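Q: Let me begin by handing over the structure; questions about it come next.
The values are calculated or read from the model by the stated rules, or taken from the named source; none is laboratory data. Everything numeric here is computed off the predicted structure, so don't read it as measured data. Ideal geometry is used to build each Cβ from the backbone, glycine not excepted, and the neighbour counts take in all protein chains shown. Ligands, DNA and RNA are stripped out before the accessible areas are found, and what is left, the full protein with its side chains, is counted by its heavy atoms. Shrake-Rupley method; radii C 1.70, N 1.55, O 1.52, S 1.80 Å.
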Amino acid sequence: METSEGDSRKASCDEPRTQEKLRADMQRPGYHFLPLANWMNDPNGTIFWKGKYHVFYQHNPEGPFWGTMHWGHTVSEDLVHWKNLPLALSPTSSGPDNEGCWSGCAVINKGIPTIVYTGVRPEVQCIATSSDDMVTWHKYSGNPVLGGPPEGLEVDGFRDPCVWNENDRWCMILGSGMRGVRGATLLYESRDLINWRYIHPLCIGDGNVTGDMWECPDFFPLNKKHVLLVSTLGRTLYFIGRYHDNNFTTEARGTTDIGDSFYAGRTLTDGMGRRILFGWVKEDRDPISCKISGWAGLLSVPRILSLCNGSRLRIEPATELKSLRGRHQRYEDIRLAAGSSFPLDGLEGDALEISAEFSAEDAQQFGLKLRCSPDDSEKTFIAFDKDTRSLQLDTRFSSLDTNVGHGIHGGRMDLFEGNTLTMHIFIDRSVIEVFANSMTCLTGRIYPSRPDSIHMGLFARNGRSRLISLDAWEMRKDGSS
Ligand code: DQQ
């Protein structure tokens, strides 16, 4: 056994001056988890163990940009307050992960916490174990445990293991792309997590529609069916189907988040049997802005998954987030005339939870106007568009800063019974997460440049709409420490 290098290369994020600057940053989220400083991407090794939620994550301790991938580590008892733990994995200069410890998973093998991850380069699979409740990790001296793709199979990508226990064996899928064909997950089995036998592809995608290469697969049972998550083409897709005897027959598929900011989704099951999804919330700022700010990337709020009619994923925010609620306000029965907008007087802030229900009436577009400046020079729209049946996050006017993204994000969504739309929205400075009708998620980034861009309102275009009710809470900004 070899010991990982620990956190000797930890950047100077502990310096009081750095922390003061980060606290004063009006774009830096307050109740979402993000590292003390520098870069994070994919959640890794999500696992509930001994009453605690552990989330590891791809982390560059050397700066707010992707590179020299380590595994950061955070832990929570309530899914709301997150505590930073020491780096779990660092590249070993003479090891098979000398160019980075890439994404993977964590399992408990005969009581021993074990990480299975991808070392690069080339992409190989490695393991590490912990004997002190997941605080420090020791890499297996025989790494890699899987040194390359099956003979004769031409693949692009061979990474991001997802491992589960099945009867008396371990199963693993790896994210891959069958060259010239399409994204795929490769299925393996093992008795000891060390010797692996290739079985066959567990699932092969659909050419252009689901991408050439699949990253960060996750596979789990849900309400008597099985769900496969894969990340590709900038989004995390899901497949629902039946799994039996090493074969997965897909019956339906969809997108876990229709925005352009949520990627590499990975799950865990907790003590209550809930299947909880976490994702990497990407930046939409240029690299220089990230460098100046000293941080980049964060973890989405925890999302509870279940099945709706056996064919769609229902996705809802963890109810634990309610513990962050502060001052409450309620608005009811507001009728919006065609082409009108209505200010929600008294509702202000950059960290809010909003739960709104609209009746579509005959408006072509309706929804919420968020983070508006008093002169309307900065404003963000969350709109339902009836013609295209889509939910949209319009950030074209969100910021006067030209170094951040401006565009329309979103995609297809259907209204259901009674033509009503419920939107559950989490705003945390530069992050917006929308849960629409508990079915469609849309995560996005906005970077208002003015401190007075804190006002909210409603709008309707080309027809009338009605707000049935809206509850809003100020959120306490005490997520991570
Ligand atoms: N990020 C990791 C890879 C994975 C990709 C590297 C997905 O393991 O495929 O940081 O964002």
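Q: Can you tally the net charge around THR74? Count Lys and Arg as +1, Asp and Glu as -1, for every other residue whose Cβ sits under 11 Å from the Cβ of THR74.
A: Local net charge: +2.
Q: If you average 1/r across every pair of different Cα atoms in the stretch 88-232 and take the reciprocal, what Kirkwood value do you get, in Å?
A: 15.5 Å
Q: Under a 1.4 Å probe, what is the accessible area of the chain per residue, stated in Å²?
A: With all protein chains present, the chain gives 39 Å² per residue.
Q: Further question on the same structure: Can you check what the net charge comes to around ASN44, using other residues whose Cβ is under 14 Å from the Cβ of ASN44 (Lys, Arg +1; Asp, Glu -1)?
A: -3
Q: So if each residue of separation counts as 0.36 nm, and I subtract the Cα-Cα distance between GLN19 and LYS291, what length gain in nm does that give?
A: 96.4 nm
Q: Dividing the convex hull volume of the alpha carbon atoms of the stretch 73-157 by its residue count, what do you get in Å³ per residue?
A: Taking the convex hull of the Cα positions in the stretch 73-157, it is 129 Å³ per residue.
Q: Principal axis lengths of the stretch 216-268 from Cα atoms, whole Å, largest first?
A: 35, 21, 18
Q: Choose one of PRO302, LEU324, LEU344: the residue whose Cα lies farthest towards the positive end of the charge dipole of the stretch 284-359 (beta-carbon charges +1 Lys, Arg; -1 Asp, Glu; about the Cα centre).
A: The listed residue farthest towards the positive side: PRO302.
Q: Once you have the Cα-Cα distance between THR420 and GLU348, take 0.36 nm times their residue separation minus that, and quote the gain in nm to one decimal.
A: Fully extending the segment from THR420 to GLU348 adds 23.4 nm.
Q: If you don't mind, another one. So what's the Cα pair-distance distribution over the stretch 383-466, bin width 10 Å, in %?
A: 15, 47, 31, 7, 0
Q: Any idea how far apart LYS322 and HIS406 come out in nm if each label point goes 7 Å out from Cα toward Cβ?
A: Inter-label distance under the simple model: 4.1 nm.
Q: Full-extension gain between SER355 and ASN246, please, as 0.36 nm times their residue separation minus the C-alpha to C-alpha distance.
A: 35.0 nm
Q: Now, a different point. Once you list every other residue whose beta carbon is under 13 Å from the beta carbon of ARG335, what net charge do they have if Lys and Arg are +1 and Asp and Glu are -1?
A: -2
Q: To one decimal place, what orientation-averaged projected area in nm² is obtained for the convex hull of the Cα set of the stretch 57-109?
A: Its Cα hull, projected and averaged over all orientations, spans 5.0 nm².
Q: For GLU77 and ARG121, what is the calculated FRET efficiency with R₀ set at 41 Å and r taken between the beta-carbons, to the nearest 0.05?
A: The pair GLU77/ARG121 has a calculated efficiency of 0.65.
Q: Still on this model: Rounded to the nearest 20 Debye, what is the dipole magnitude of the stretch 327-481 about its Cα centre when Lys and Arg each give +1 and Asp and Glu each give -1 at the C-beta?
A: Magnitude of the dipole: close to 240 debye.
Q: Moving on to the next point. Determine the calculated [θ] at 222 nm for the chain from helices alone, applying -39500 (n - 2.57) to every DSSP H run no shorter than 4 residues and normalising by the residue count; nearest 500 deg cm²/dmol.
A: About -1000 deg cm²/dmol.
Q: Please report, in debye to the nearest 20, how large the charge dipole of the stretch 36-144 is about its Cα centre when each Lys and Arg carries +1 at its beta carbon and each Asp and Glu carries -1 there.
A: Computed charge dipole of the stretch 36-144: roughly 200 debye.
Q: Restricting things to alpha carbons, find the Rg to Rh ratio for the stretch 340-385 using the Kirkwood radius for Rh.
A: 0.95
Q: Return the distance in nm (one decimal) between the two label points of a simple spin-label model at LYS50 and ASP206, each offset 7 Å from Cα along Cα→Cβ.
A: 4.5 nm
Q: With the dipole of the stretch 45-157 worked out from charges on the C-beta (+1 for Lys and Arg, -1 for Asp and Glu) around the Cα centre, which of TRP102, VAL155, GLY45 lies farthest toward the positive end?
A: GLY45
Q: Using a probe of 1.4 angstrom, how much of the accessible area of the chain is carbon and sulfur, in percent?
A: In the chain, the share of accessible area belonging to carbon and sulfur is 48 percent.
Q: Shifting gears a bit: Using only C-alpha positions, report the orientation-averaged shadow area of the convex hull of the chain, nm², one decimal.
A: Over all viewing directions, the chain projects a mean Cα-hull area of 22.0 nm².
Q: List the relative contact order of the stretch 249-394 as a percent without decimals, with contacts defined as Cα pairs under 8 Å and 6+ residues apart.
A: That works out to 13 percent.
Q: Then there's this: Give me the lysines in straight-line cross-link reach of LYS291: C-alpha distance below 27 Å, same-chain residues under 8 apart excluded.
A: Filter leaves LYS10, LYS21, LYS83, LYS282, LYS379, LYS477.
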